[in-house]
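Below you'll find the structure, written out as structure tokens, and then a few comments.
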Amino acid sequence: MVIDLSELLSLKDKVKTVEIPLEMENFSTKLGSYKVTDKKPMVFKFTGLGNKKVNMEAEFSVTLLMPCDRCLEDVKQEISVSTSKEINLGDTDVTQRDVLDEMTYLEGMSFDAEKFAYGEILMNLPMKILCSEDCKGICNRCGTNLNHGDCGCDTTEIDPRMAKAMEVFKSFKEV
Ligand SMILES: [Zn+2]
Ligand SMILES: [Zn+2]
């Protein structure tokens, strides 16, 4: 959804508060697509600062289903965003704006709330996702989720041809 900011262009101290729903059902990045299981409407407060400048305060939260780094089970991750920024509507240099990634949500006087939300969620994605601090992960041999019980595999003795591959596998999984 796009919010027209033109009325704030020259009016100092004019305040515009907008509450709009977040539209996304999935959050997709290069790394994967995560289902949105819960979301709170975005609340924006724009304040005209005069001189074509607008201060924006934004607040929203979204819950994504993301796989645990160790056992790959889906974990609910709530991402809360609370931020404020100064937007310069007088900056009509579009090429410059395109370079600055964070400014692509602004086109002329139109503020694209959904694009803005996408960028904020991306910046706030957790680096590490664990279903619990003591997640046991999955068995290197059979793939059983060890949180659900022991699979009975003998993990002490590893085929030397597999050992190398296992190390690589581990370095990816045991973050
Ligand atoms: Zn886990
Ligand atoms: Zn096993």
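Each residue was assigned an accessible area with a 1.4 Å probe, and for Leu9 the value is about 50 Å².
Residues Thr63, Thr17, Thr144, ordered by accessible area of protein heavy atoms at a 1.4 angstrom probe radius and largest first, appear as Thr17, Thr144, Thr63. Annotation for the range 1-59: GluC sites (Glu not before Pro) lying in DSSP loop with at most 16 further Cβ atoms inside 10 Å of their Cβ are Glu23, Glu25. Counting only heavy atoms of the protein chains and using a 1.4 Å probe, Ile79 has close to 10 Å² of accessible surface. Atom-type composition of the exposed protein surface of the range 24-75 places 48 percent of the accessible area on carbon and sulfur (1.4 angstrom probe). With a threshold of 26 Å on the Cα-Cα distance, the over-threshold entries among Lys45/Lys76; Lys115/Lys136; Lys14/Lys39; Lys16/Lys39; Lys16/Lys128; Lys30/Lys53 are Lys45/Lys76; Lys115/Lys136; Lys14/Lys39; Lys16/Lys128; Lys30/Lys53.
The convex hull built on the alpha-carbon positions of the range 2-124 has an orientation-averaged projected area of 7.7 nm². Once all protein chains are placed together, Met56 keeps about 0 Å² accessible to a 1.4 angstrom probe.
The values are calculated or read from the model by the stated rules, or taken from the named source; none is laboratory data. Source: prediction; values computed, not measured. Heads up, the Cβs are rebuilt from the backbone with ideal geometry, glycines too, and the neighbour counts pull from every protein chain shown. These accessible areas exclude ligands, DNA and RNA; they are computed on the full protein's heavy atoms, side chains included. Shrake-Rupley method; radii C 1.70, N 1.55, O 1.52, S 1.80 Å.
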